[in-house]
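Following: one structure in structure tokens, then a few remarks.
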Amino acid sequence: MGFVISAIVIGGGLLWILIRSLQGKDVDRRVVFTFIGITVCLAVLFQLKFGESATPIVKAAFDKIEQLPAGSKIVISYDFDPAMAPEVHPMANAFVRHALAKKHKIYFFSLWATGQSLLEVTVQDILKKEFPDARYGIDYCNMGYKAGNEGVLNVVITDIRKMYPGDVNGTPLDSLPMMADVKSLKDMDLLISIGGGKPGVKEWVLFAGDRGGIPTAGGAAAVSTPLLYPYYPRQLVGLLGGTKGAAEYESELIKRYPQFANIDTPALQMMGPQTMAHVVIVAFIIIGNVSYFRSRRKKVTNG
Amino acid sequence: MLKSQSGLAAAEDHAVRDAFLLTLAAFLTLSIYSFLYGDNPFYRFAEHLFVGISAAYWMCQGFWSTIVGNFIPRTLPSFAEYFQVPYKGFSWHYLIPVALGIILLMRLVPKLSWISRWPLAFIIGTTAGLNLPRYLQSDFIQQMNNTFISILPDWQGIGPFFSTLSLSAEGQLAMIATNLVIFVGVICGLIYFFFSKEHKGAFGVASRIGIWVLMVTFGASFGYTVMGRISLLVGRITFLFHDWLNIL
């Protein structure tokens, strides 16, 4: 029903714009913004959803976590800020859920100061609510943020304790049981960076993954995803690109783990408005081209 | 009785505070989006607030994680005690980055701003020194290595090729097509940037294919950028409808 109402409203509006364009009237950019705004509002209000299935590049990241034996050490780095969060936070939450469901140990890092507080949201909303048995220092630990960008990676690839004398709360690393047999990143089984800026996935590949020979996966904001594709599959074992990648991962997680059937899936919910908005943008491109060719033909006809 | 009344009052205070913060966030969201109509004071206020708070937040996090986390435990026991961090013994070499950091702040003093060039030179030099070998190894050599791919991956003969003929990404046909696109795309893309020979004949055709490869790449990048911007819009509208107006 929601889809039909949205289609009528949006379709009617687009038809009106097409007629105006054919009459030779300009379409103000504010009309375009308003249309996209209305489209997204309708899709969010009616909670439109479309099916998603994991593409090979997302499935590869999923399968890598799946294939690791229980108790493997996984680094998840929160390298993003609130501006990127709607796209990449769902990925981070999905990775955390998956890793904990497989009984892996998670080492949280953050190369962005803002990532540390967003990590706290995951700890409160996912870890403590859905995995109350997960114990700090045994199943997961938070190393927190350190200034220094790729310089931080350059140090922790040889010795974590040189850069992190303690965890985010200042607790000495040696007092955390899960750090007992960890000297450097080379002791990790998988590195996952989630971000979209610098430092981010690329820096983790260059300064940690490649240098230490450690399998690396990534989740990136849509803007930076195309720049990371060349690293797949040899330097990145898998990559989640933007909301689409996050939605694919969420769908794969739900498919393989029935206990997550009723979890909050923000990325899957976001794909409805996303699809509708893209349809409107494509419609605007078509209208623009029709209008352009018509006006050019008129010019040619009028001599 | 008194305890439960004070608890209720505290809960009410929290509810009022949360409602105020949510409304403020909604106001700032709408202020930022008001730029789509045109530049205005609401947008400028929200923008300045965002930049100021971001800078302050990064500075505070940097201070507590790096200065307090790494430097203070290596100074004096009294300092470590004051900041409640375990003392790790005095290390004089930790004073070097602190001194460079203070010199960097001399930019704020016009007469002494020239001194700040020294730590800047150090930062640029070390960053370039750190990045050069990594970029050379992982971005240059390794990326070239990634391009050396077999056009016929895991060729199992003509029989299995047709029996597993499928358009799925795991299918042999799709893998061969992918590798061919990479091979032709890289060669033609490089030819487009080769200006020492006139782009005519077969060379010109390859150059034009190179342009198409570049156009497809830019188109994919633009598509992803659009997706990113729409995701942010969906995120803010979900916030307005769900968290602020509570109608979802």
- [ ] Might you check whether a residue that is part of a helix (DSSP H, G or I), over 30 Å from B:Leu190 (Cα atoms) and among the aromatic types (Phe, Trp, Tyr) occurs anywhere in the stretch B:130-145?
- [x] no
Task: Single match in A:Ala61, A:Ala92 (criterion: buried (at least 24 other Cβ atoms within 10 Å of the Cβ) and closer than 30 Å to B:Ala174 by Cα) - done: A:Ala61
Task: Test result for A:Phe46, surrounded by fewer than 22 Cβ atoms within 10 Å (Cβ to Cβ) and in contact with a helix residue (DSSP H, G or I) (Cβ under 6 Å, 6 or more places away or on another chain) - done: yes
TODO: Report whether or not A:Glu87 is surrounded by fewer than 22 Cβ atoms within 10 Å (Cβ to Cβ), outside any loop (DSSP other than H, G, I, E, B), within 18 Å of the chain's Cα centre (by Cα) and not aliphatic (A, V, I, L, M).
DONE: no
- [ ] Just name the residue that is farthest from the chain's Cα centre (by Cα) out of those in the stretch A:189-201 that are of a type outside the set (Asp, Glu) and open to solvent by 10 Å² or more (accessible area, probe 1.4 Å).
- [x] A:Lys198
- [ ] Please specify each residue of the stretch B:154-206 satisfying the condition of being at pLDDT below 70, out of contact with any helix residue (DSSP H, G or I) (no Cβ under 9 Å at 6 or more places or on another chain) and surrounded by 14 or more Cβ atoms within 10 Å (Cβ to Cβ).
- [x] B:Gly171
- [ ] Sort out which residues of the stretch A:257-284 are open to solvent by less than 30 Å² (accessible area, probe 1.4 Å), under 17 Å from A:His89 (Cβ atoms) and part of a helix (DSSP H, G or I), and write them in order of number.
- [x] A:Phe260, A:Ala267, A:Leu268, A:Met270, A:Met271, A:Pro273, A:Gln274
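The values are calculated or read from the model by the stated rules, or taken from the named source; none is laboratory data. Owing to the predicted nature of the structure, the values given are computational and were not obtained by experimental measurement. All Cβ positions, even for glycine, are placed from backbone atoms using ideal geometry, and neighbour counts span all protein chains on display. These accessible areas exclude ligands, DNA and RNA; they are computed on the full protein's heavy atoms, side chains included. Shrake-Rupley method; radii C 1.70, N 1.55, O 1.52, S 1.80 Å.
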